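Peer 1: One structure follows; several queries about it will come next.
Just so it is clear, none of the values below were taken in a lab; they were calculated from the coordinates. The structure presented is a predicted model; accordingly, all values stated were derived computationally and were not measured. So basically every Cβ, Gly included, is an ideal-geometry build from the backbone, and we count neighbours across all protein chains shown.
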Amino acid sequence: MIADIKAFLSDFLVLGDPLIYGADISIVLSMVAIVFVLSYFKKWKWLWKEWLTTIDAKKIGIMYIIAALLMLFRGGIDALLMRSQITFPNEGFLDSQHYNEIFTTHGTIMILFMAMPFIVGMMNVAVPLQIGARDVAFPYLNALSFWLFFVGAMLFNLSFVIGGSPDAGWTSYTPLAGAKLDPGPGENYYLIGLQLAGIGTLATGVNFMATILKMRAPGMTLFKMPMFTWSSLITSLIIVFAFPVLTVALALLTIDRLFGAHFFTIASGGSPMMWANLFWIWGHPEVYIVILPAFGIFSEVISTFSHKKLFGYKAMVWSMVLISALSFVVWLHHFFTMGNTAAVNSVFSISTMAIAIPTGVKIFNWLFTLNKGRIEFSTAMLWALAFIPNFLIGGLTGVMLAIAPADYQYHNSYFLVAHFHSVLIGGTVFGMFAALHYWWPKMFGHVLNEKLGKISFWIFMVSFNICFLPMYFVGLMGMTRRMYTYPEGLGWMPLNVVITIGAFGMGIGFIVMVYNIYWSARYGKRDKTGDPWGGRTLEWATTSPAVEYNFAHIPKVETADAFLHMKEKGTTGQISKAPFKPIHMPNNSGKPFIQAWLMFFAGFGLVFEWYWLAIPAAAATMLVMAFRSFEYHDHHYIPVEEIERTESATGRLN
Amino acid sequence: MKRLTLKSLGVLALFLVFLTGCTNKVAVLNPQGPVAKQQYDLIIWSFILMAIVVAGVLIIFIYVLVRYGRKNSKGYDPEDEGNAKLEALWTIIPIIIVILLAVPTVKTLYGLEGPPKPANATGKKVEPITIEVTSVDWKWLFRYPKQGIETVNYAVIPEDTPVKIKLKAIGAMNSFWVPELAGQQYTMPNMPMNMWIQADHPGDYLGRSANFSGKGFAHMSFHILAKKDANFDAWVKDVKANKPALTMEKYKKLLEPDIAGEMTFSSYPKVLDKKDAAMEQHMNNDDMEGGMNHDSGH
Amino acid sequence: MSSVASNQSNKPYEPLEYSTEDGRLRILGFWIFLGAEIVLFSCLFATYLVVHSHTAGGPTSKELYDVKEFMIETFLLLISSFTCGLGTHELRRHNAKGIIIWLIITLLLGLGFIYMEVNEFVKYATEEGATVGRSAFLSGFFVLVGTHGAHVSLGILWMTSIIIQLAKRGVTAVTARKVFIVGLYWHFLDVVWIFIFTAVYLTGMVL
């Protein structure tokens, strides 16, 4: 009996590994520190009222971005651990099992718990403001989306210290990820954590589609929307059609693992390849979900800092529409090498190459936005400019990978690893960093320091190339992804050393950026105008940070670049002009937070197949939803006096 | 911004060095057989096209940054918002490039389905040989059905002879990749697949699994030794005469998840030939041990 | 968000559930959600069709399905969709009592359907040894049909809560919107069932 308990605890708490002890200690310490700070400064109530129960999209956006930065840190540590292990041949820093867990969590976290919340966070921060709305269509649901993402991420990260991390790669291919070859809770963490976050994302997609379609300021027709809003609309559409596929794929594998079904098993008629199909039918659109909003941000930033209209607005929109359509018909290129017929591979080769056409159109339109402009090299602009050549290399190696017979040589090699990091970092991460510097004043009321920003940009961008360009060659030399070690004598070492140096350089660049955030919070220039960059779109029409209700009067829109037009016409005052009317706003609510944590416990129960926990927690979740359904007084009016007070405090009231 | 562009040019130069010079270690760029050669040709063709695109974009990029990267650049036109002719131009150019890539891609794809054309000058038809390759956690089994021999983690092939590789997996999926001889194909349980390899010259070609398959994955490398025809026959004879037989017991041992060194067997249990499909089904079943015990009774 | 319920008498042709911006938004949102549901069920259908022949020596669809049972299930659900539609008809007349009566009938028919389906599953499992773990085909069957069944069960709980709200509050812009949306959901499940009826049961009897 005691031996049983001991054995259980040893597995449950993953005993015997110094790295995990370190993680245990740091988690406990940071939790103690957080509790202490909150209690010492009497901030518990503030935390609950202002953040945990908020349904204000602007605050939810900030929470998403904080979570994304934390996950970028975690995923980055994973990356550095991996690089440390494979810098030299035959290293013993990490063993095989440990390395497998780390590359699995690195990939999963970076895509689903870093890139996704970063993008959704930016959408929350910017879209309602850009379309002149007071919030999203469903603010309560929006809060629930965030908390579902958050508990999904927490559940996934918990695996490291309780029960063991998943170890079958972020693609989690069956049969390797099936119950037979990979028993234990690790893979369950992956399935349930992603499921929770995925449901949250699906709700975000529904929410932003409704918001953008229905809540635009009067006069803002679809073709007068800012490009980031366009990209968010198209992204939301892809989310709505792609994420249910992930839901199904995860659910089926969960049912396989927990209830002995045979969807993806080798035995009893299961089809392991079906997982690859379902996973990539979601997975390929997913990469456009994380890149299109970045495209939108680049369009905003490049136009703003060239001080010039976006070149080829309509072409920019239609190319995004085309990309989103093509994104659903290329998934098979992820497994050209699974014995398809020449005809099938031909079709998917060509459909994949075809994506280069609308993407090329976008690149040239950005270049011609710069053309005849007055280019201002701000930090946000540097990230956007660096995107063009870096993404170009990533995109074109993508075209090379689309050539199926050539892919037989690149597939799963470091050439592929280099490619997708080039596009995901050079595209998504650069885009998010650009957005971070661009919208930071709108979120927090002060700009980030330009000098520190540029230092972090150059360190990160140069290191990024030092890290990933050599990877193409290591791949051509025959090094495959996910090898925890390699033997001597293959000539791989020199380039691997360079790659590791680049990886640590990126870490340094990130640290400088974090320092910049700290420095600017204390000493950074406050933005009194609400329009620090000479902005063109409506988010710059309100204060920095925006007031709770965004706009005292909903602005009237006549053209694209609506705010620029207002400035030219001298009508910017219309937003804050008395008299006011009471503003209808939704109430804060603790229910999304509570419901998400109940779902966390239901999920945790499923991970360990503890149905005594999973079933009551799931039932309690239903109960919260029922309570919500019976809730009728979920909104309030901001009285005129309060609006007047707020507006005069901003100095905008005439 | 100058640093940025210089760096990009440097990268190009570096790539060119790799393409032209020291390609010995760059396996993919060092094709040693007709299959890899076809893929290499496509890679080079696509690289040339991509290099042209990179050059074109970078020239425009550098030009606009230098020309308009000033506070009061001349020719500033904030209302410049589009040009239908230009849009058409940069839609058509990528379409042409895609067509230039798609045609050889499709041709090569169909070409790779059959055995490679004989590379030797005489053009005489060489009889292909067949090797059944099975990935097991975490090793490679090579079976020569005609010669009746089996090897582990290495295989010997005659030069200038098309070799038909029949791929199978027991356990997790892997991918069979010998970059100097041919691009990879997956090995998948319950889904037998074929591919062709051929070596132009005698040599030792390193292959490895390219698809992650668990703890021992990094150790799943193997050698393909290409020999002259006569030497290949001598090797077969030598194996037949001097190497031990693969017994059912040993075979079962090989199926257990572990890494292994190179091994050679003069024969393998004949039951595996006949009962192959059924055996595999058993081995892949959840009750793997149970299934195996039943069969070993034969 | 900004406008309050607009004056009903000005626009007699505008249904109550569409009379507020909130109502319009939520109805649109629900349509989008149904789009996602279509994708979800499409994947389950595709999976089922892939594994339909993978019976691994276990019972086949031909051996398993019982025409009488699934015909009764189909009729129960089809009629419930019709009575749900009658509920919406009463909604147009702002007749709370009428809505409640038709929704209760809908609920009872839905419960009948679930009863039949659970019975069917239990019979398969106990009499034929056909469980979710028997073969890929049965995994696909139970998960596809079971997901639909779970949706119907959730719909029953949801509709119950809306009946209570309707009884408490009468027909308002908010309750009208709720009745309308749960009706959309119910009809959607009916449509999914028609696909299950043809792609799973009818096809399964032949192939």
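Peer 1: Out of the DSSP beta bridges found with both residues in the protein assembly as shown, what percent are antiparallel (nearest 5)?
Peer 2: 70 percent
Peer 1: Okay, moving on. Give me the percent of DSSP beta bridges within segment B:129-296 that run antiparallel, rounded to the nearest 5.
Peer 2: 70 percent
Peer 1: My understanding is that a pair violates if its Cα-Cα distance is over 30 Å; which of A:LYS451/A:LYS556; A:LYS214/A:LYS362; A:LYS180/B:LYS139; A:LYS528/A:LYS581; A:LYS309/A:LYS556 do that in this structure?
Peer 2: Correct reply: A:LYS451/A:LYS556.
Peer 1: If you don't mind, there's one more thing I want to ask. With each pseudo-label sitting 7 Å past Cα toward Cβ, what's the C:VAL122-A:PHE504 distance in nm, one decimal?
Peer 2: Each label point is offset 7 Å from its Cα along the Cβ direction, giving 6.6 nm.
Peer 1: Based on other C-beta atoms within 10 Å, arrange A:ASP78, B:ASP233 from fewest to most.
Peer 2: Exposure proxy ranking, most exposed first: B:ASP233, A:ASP78.
Peer 1: Taking loop as defined by DSSP and a crowding limit of 11 other beta carbons within 10 Å, which chymotrypsin sites (Phe, Trp or Tyr not before Pro) in segment A:18-55 fit?
Peer 2: A:PHE41
Peer 1: Evaluate the distance, in nm, between pseudo-label points positioned 7 Å from the Cα of C:ILE79 and of B:ALA55 along their respective Cα→Cβ axes.
Peer 2: 7.8 nm
Peer 1: Going 7 Å from the Cα of A:MET31 in the Cα-to-Cβ direction, what parts of segment A:159-202 have a backbone nitrogen less than 19 Å from that spot?
Peer 2: A:159-165, A:189, A:193
Peer 1: Given 10 Å bins starting at zero, what is the percent of C-alpha pairs of the protein assembly as shown in each, up to the one with the largest pair distance?
Peer 2: In order of increasing distance, the bins hold 2, 9, 17, 22, 20, 16, 9, 4, 1, 0, 0 percent.
Peer 1: Follow-up question, since we're still on this one. Taking beta carbons within 10 Å but only from partner chains, what does the mean come to for residues B:187-200?
Peer 2: 3
Peer 1: Taking 7 Å along the Cα-to-C-beta vector as the label spot, tell me the A:LEU47-A:ILE615 distance in nanometres, rounded to one decimal.
Peer 2: With each label point 7 Å from Cα toward Cβ, the separation is 3.4 nm.
Peer 1: Less than 29 Å apart at the alpha-carbon level, and either on another chain or at least 8 residues along: which lysines does that give for C:LYS62?
Peer 2: C:LYS62 reaches C:LYS123.
Peer 1: Now for a separate question. Could you work out how far helix C:21-51 tilts from the main Cα principal axis of chain C, as a 0 to 90 degree angle to the nearest 10?
Peer 2: 10 degrees
Peer 1: Measuring from a point 7 Å past the Cα of A:ALA521 along Cα-to-C-beta, which residues in segment A:28-53 have an amide N at less than 17 Å?
Peer 2: Residues A:30-31, A:33-44, A:46-48, A:50-52 fall inside that zone.
Peer 1: Taking the Cα atoms only, what angle lies between the long axis of helix A:116-130 and the longest principal axis of chain A, rounded to 10 degrees?
Peer 2: Tilt relative to chain A: about 10 degrees.
Peer 1: Can you compute 3J(HN,Hα) from phi for each residue in segment B:225-230, using the Karplus curve 6.51 cos²θ - 1.76 cosθ + 1.60 with θ = phi - 60°, rounded to whole Hz and x for Gly and Pro?
Peer 2: So the J values, rounded to whole Hz, are 9, 9, 10, 5, 2, 5.
Peer 1: Just counting partner chain Cβ atoms within 10 Å, what average do the residues of peptide A:487-494 show around their Cβ?
Peer 2: 2
Peer 1: From the helices alone, meaning DSSP H stretches of at least four residues, give me the mean residue ellipticity at 222 nm for chain A, per-run term -39500 (n - 2.57), in deg cm²/dmol to the nearest 500.
Peer 2: Calculated mean residue ellipticity at 222 nm is -22000 deg cm²/dmol.
Peer 1: Which order do peptides A:198-205, A:595-602 fall in by mean Cβ count within 10 Å, highest first?
Peer 2: Ranking, from highest mean packing down: A:198-205, A:595-602.
Peer 1: Between segment B:234-255 and segment A:371-442, how many Å separate their Cα centres?
Peer 2: Spelled out, the Cα-based centre of one part sits 52 Å from the other.
Peer 1: Expressed as an acute angle from 0 to 90° and rounded to the nearest 10, what is the orientation of the C-alpha long axis of helix A:96-108 relative to the principal long axis of chain A?
Peer 2: Tilt relative to chain A: about 30 degrees.
Peer 1: Here's another thing I want to ask about it. Using the beta-carbon distance between A:THR221 and B:LEU86 and R0 = 22 Å, what value does 1/(1 + (r/R0)^6) give for FRET efficiency, to the nearest 0.05?
Peer 2: Here the calculated transfer efficiency is 0.30.
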